[in-house]
1. Calculate, for residue 132 and residue 87, the FRET efficiency according to 1/(1 + (r/R0)^6) with r their C-beta to C-beta distance and R0 25 Å; round to the nearest 0.05.
2. Given the pairs 27/132; 131/179; 91/178, which are separated by over 28 angstrom at their Cα positions?
3. Please calculate the 1.4 Å probe accessible area of residue 183, with all protein chains present, and give it to the nearest 10 Å².
4. Given 0.36 nm per residue, what is the gain on full extension from residue 166 to residue 121 after removing their alpha carbon distance, in nm?
5. Enumerate the calculated ³J(HN,Hα) couplings along region 74-87 in order (Karplus 6.51 cos²θ - 1.76 cosθ + 1.60, θ = phi - 60°), each rounded to whole Hz, writing x wherever the residue is Gly or Pro.
6. Once you mark the chymotrypsin sites (Phe, Trp or Tyr not before Pro) that are in a DSSP loop and have at most 13 other Cβ atoms within 10 Å, what is the longest gap between them in the chain?
7. In the chain, what percent of the accessible surface is made up of carbon and sulfur (1.4 Å probe, ligands and nucleic acids excluded)?
8. What shape does the chain take by its C-alpha gyration tensor, where a ≥ b ≥ c are the square roots of the eigenvalues and a/c under 1.5 counts as rounded, a/b above b/c as prolate, and the rest as oblate?
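The values are calculated or read from the model by the stated rules, or taken from the named source; none is laboratory data. Fair warning: this is a prediction, and the values are worked out from it, not measured in the lab. Because the Cβ atoms are built from the backbone with ideal geometry, glycine has one as well, and the counts that use them run over all protein chains shown. Note: accessible area is taken over every heavy atom of the protein model, side chains too, but ligands, DNA and RNA are not part of it. Shrake-Rupley method; radii C 1.70, N 1.55, O 1.52, S 1.80 Å.
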Amino acid sequence: MTLIAIEVWWVSDDQLVVDGEENISEKGKHCLSRGDYLSALAGPEEHWALMQMFEAAERNYLCAAQEGSRQGAFSAVSLSASGVAPEIESKEFARLLEFAAENDARASALLASFYCDGGSASWQGECLNPKKAEAALIKAIHLGSVSSINTFGSILENGDYGNVNFARAVSCYHLAAKKGDALGKEN
């Protein structure tokens, strides 16, 4: 057997950009930056080390979240939910997502889905916790998510949270369309 090449996939601290969230420690900033770097390295290409890189990115995002990074928390749950990194246990997933949703519209919208399906992609029943899901979706709207306005309209139209309200659904569609949402215009 002959060694053909050695690849170094680690990121040293001097390669990291440590800007970002102000309320986290230097360690948290390094973990967040390292997670971003490893996720970017994993990229869309197929490589034998792809899963290991995403797993390392998730570990770094979890480190950043532990140091107070909401962005790290959202990135960790995003990787976990996508299936490219190990699944985060449900209670920890919910805790991280609730933490990230404090100021991130995408996290709040994902939290609304989590409250309905409990994190199961194959969930087919009624929304498990419609009040919490509605509150999280409304928060996503207040945080600036135009697509969540359209989603809320669809939920009201179909009664996914328990009650059908066509007038309110149409109002949501009009508002989403007014804000430039293509699906809102279609609805």
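1. Working: r = 22 Å, r/R0 = 0.86.
The computed FRET efficiency comes out at 0.70.
2. On the way: 27/132 33 Å; 131/179 26 Å; 91/178 38 Å.
27/132; 91/178, as the Cα separations exceed 28 Å there.
3. Around 90 Å² of this residue is reachable by solvent.
4. Numbers: separation 45, 0.36 × 45 = 16.20 nm, distance 2.73 nm.
Length gained between residue 166 and residue 121: 13.5 nm.
5. 5, 5, 5, 5, 5, 5, 4, 5, 6, x, 8, 10, x, 6
6. On the way: sites that count: 9, 10, 48, 123.
Formally, the longest exposed-site-free interval is 49-122.
7. Values: 5900 of 11170 Å².
In the chain, the share of accessible area belonging to carbon and sulfur is 53 percent.
8. On the way: a/c = 2.26, a/b = 2.05, b/c = 1.11.
Verdict is prolate for the chain.
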